[in-house]
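The values are calculated or read from the model by the stated rules, or taken from the named source; none is laboratory data. Every value quoted in this text rests on a predicted model; they were computed, and no experiment measured them. Every residue, glycine as well, gets a Cβ built from its backbone with ideal geometry; the counts of neighbours run over all protein chains shown. These area figures cover heavy atoms from the full protein model, side chains too; ligands, DNA and RNA do not enter into them. Shrake-Rupley method; radii C 1.70, N 1.55, O 1.52, S 1.80 Å.
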Amino acid sequence: MTRDHILAIDSGTQSVRALVFDFRGELVASSRVPYEPYFSSEPGWAEQDPKVYWDSLCRACQALWREQTVSRESLAGVALTTQRATLVNVDASGEPLRPAIVWLDKRRSEGVEPIGGFWGLMLQLAGLSATVAYMRAESEAIWLSRHQPEIWARTRKFLFLSGYLTFKLIGRFVDSVGCQVGYVPFDYRSQRWIPGGDWRWKLSAATPEMMPELVPPASIMGEITRAAAEETGIPEGLPLVAAAADKACEVIGSGCLEPHLGCLSFGTTATLNTTQNRYVEVIRLFPPYPAAVPGSFSLEVQVLRGFWMVRWFKEEFGLRERLLAEEKGVEPEVLFEELVKAVPPGSQGLVLQPYWSPGVRFPGPEARGAIVGFTDLHTRAHLYRAILEGIGFALREGAERMARRTGTAVRELRVAGGGSQSDAAVQLTSDIFGLPASRPHVYEASGLGAAIDAAVGLGIHPDFAAAVKAMTRLGRSYAPDPEAHERYTEIYEKVYRRLYGRLQPLYEALRKVLARG
């Protein structure tokens, strides 16, 4: 039988998808197994049993074979992409020692001792002491070493979810360079572990021995073991090809291989990514992440609560639409689209700054969300549209900062993620940027990106340019409305860009008041 398909496994925050693509990027079979994103045993914690991820992966794969849409024998290889920054402690045999710490987790290590000596002085002179202190407080490894020392002492490998699932599939502690996103001792410039003895290991409690072997995207990582084959139904001996984290895969799955192509991901965290061949920090000390293309970088701008704010609005203010949708037998999203379309561009002067979660440098740790411009004209519909516009303004601001740092402006947009299914959201984003915006031809862009890595690694396509050309194309496209763009630019320049600077002292004052309890 001809081996003319690739299995891409995408383990996200809320579900795992098993996806089969052909060599032209067409999705020929799929299966999805949902799970709860996390559980919380303490306020602010977000954890999940690592076995939930593995068991769900096995169920998703087995469902594919039961559907008999595609034959297992037609698979040429497997690729894996996962949510970023979710960490798993395992013992020497690969067994988890505790629940995974999910990327949504908010725990911090308060009162971590500062770095002393020569490097502490250098950081102080460079004005970076506060930033380094923030990173150390955010480090999961430091928290574990302080609060669960008995588990930390038994930890032999400290893995991202990608590394844990890779071990389950091939029996080796190896991970892709493209999956290294988080507070671990990874050198983002050279795309390898920081050399032993380097002061930057002080940003974590991990040791070099705890880290898995790293290989570049599109490398063969190993072969599916007999045990994994029995649980998943994936043929034993099939090659597992290194891909990258879900955002990086989404970028190439959307066809964004050149730096002038911006990939917008409308997910829980809204992001703008471009692929670059050189290391550039859009914000100082915050590195570009590894791309799904070996040796390349994915420059990223984040709006941390992004389209989470849409869900927040629906839960807090959308009861009427939810009940009405149930009566009409339609999805609530249909009625929320009508809300957006009922309001003109600019929401009649209602402007939202989407900093529902603080940042580190821009916005800073004091940042809060803001809504200005209320009048008696405004309704829930205005607020809903203002949320979407605020996200768009924040992403445009990030794109302009990125252009100043790289010398290359974004000239076209590709829009992926759950929020991309909203015609209104994509159209108003096109209007805010004044750029054409298009969806990828398939919704599962991150899975397609993983399949592209596999296609190059297996020699199906000779390089990434050829693979992206053969396996990606545009779906529906949206052209900016000149009048709407003019209105948005005036609001953006005269109001939105000035908001944070004007409100920052008030945010800082609030932080000090609240810190006193």
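Pairs of Lys residues in the chain that lie 8 or more places apart, or on two chains, and have C-alpha atoms under 17 angstrom apart add up to 4.
At 20 °C and 1.002 mPa s, what whole-number value in µm²/s does Stokes-Einstein give for the translational diffusion of region 139-197, with Rh from the Kirkwood sum over Cα pairs? Value of D from the Cα-based Kirkwood radius: 167 µm²/s. Among ASP198, ASP187, the sequence by solvent-accessible area, most first, with a 1.4 Å probe is ASP198, ASP187. A Cβ-based charge dipole, computed about the Cα centre of region 393-517 with Lys and Arg at +1 and Asp and Glu at -1, lands at about 600 debye. Accessible surface of region 259-391, 1.4 Å probe: 54 percent of it comes from carbon and sulfur atoms. Dividing the mean sequence gap of close Cα pairs (under 8 Å, 6+ apart) by how many residues the chain holds gives a relative contact order of 15 percent.
How many Å² of accessible area per residue for the chain, probe 1.4 Å?
Spelled out: the 1.4 Å probe surface of the chain, per residue, equals 42 Å².
For the set ASP376, ASP175, the ranking by accessible area, highest first and with no ligand, DNA or RNA atoms included, is ASP376, ASP175 under a 1.4 Å probe. SER219 sits with roughly 30 Å² accessible to a 1.4 Å probe, with DNA, RNA and ligands left out of the calculation.
Secondary structure note: in the chain, about 70% of the DSSP beta bridges are antiparallel. Farthest toward the positive end of the dipole of the chain, out of LEU19, HIS147, LEU238, is the Cα of HIS147, where the dipole comes from beta carbon charges about the Cα centre. With contributions of -39500 (n - 2.57) from each DSSP H run of at least four residues, the per-residue ellipticity at 222 nm computed over the chain stands at -11500 deg cm²/dmol. Relative contact order, whole percent, for region 75-210 stands at 31, derived from Cα pairs under 8 Å and 6 or more residues apart.
Separation of region 346-392 from region 111-180 is 34 Å, based on Cα centroids. With 0.36 nm allotted per residue and the present C-alpha distance subtracted, the VAL28-ALA479 stretch has 159.4 nm of extension available. What's the FRET efficiency of ARG511 with LYS328 using the Cβ-Cβ distance as r and R₀ = 41 Å, to the nearest 0.05? For R0 = 41 Å, the calculated efficiency reads 0.35. Projected over every direction and averaged, the convex hull enclosing the alpha-carbon atoms of region 21-141 yields 12.3 nm². Semi-axes of the equivalent ellipsoid for region 455-500, computed as √(5λ) from the eigenvalues of its C-alpha gyration tensor and ordered from largest down, come to 42, 16, 6 Å.
Three semi-axes describe the equivalent ellipsoid of region 1-50; taken as square roots of 5 times the Cα gyration tensor eigenvalues and ordered largest first, they are 34, 8, 8 Å.
In nm, what is the difference between 0.36 nm times the number of residues separating GLU95 and THR69 and their Cα-Cα distance?
Extra length available between GLU95 and THR69 comes to 6.0 nm.
From largest to smallest, the equivalent ellipsoid semi-axes obtained for the chain from the alpha-carbon gyration tensor read 35, 30, 22 Å. Modelled spin labels at GLU316 and GLN421, positioned 7 Å past Cα toward Cβ, are 2.4 nm from each other. Among the trypsin sites (Lys or Arg not before Pro) in region 225-326, those placed in a DSSP loop whose Cβ has at most 14 other Cβ atoms within 10 Å are ARG278, ARG284. For region 187-226 and region 452-517, compute the distance between their C-alpha centroids and round to whole Å. Using only Cα atoms to place each centre, the spacing works out to 29 Å.
Ignoring ligands, DNA and RNA, what percent of the 1.4 Å accessible area of region 409-494 is carbon and sulfur?
Ligands and nucleic acids excluded, carbon and sulfur give 50 percent.
Taking 7 Å steps out from each Cα toward its Cβ at ARG411 and ALA130 produces label points 4.0 nm apart. With all protein chains in place and a 1.4 Å probe, the accessible surface of region 69-150 carries 57 percent carbon and sulfur.
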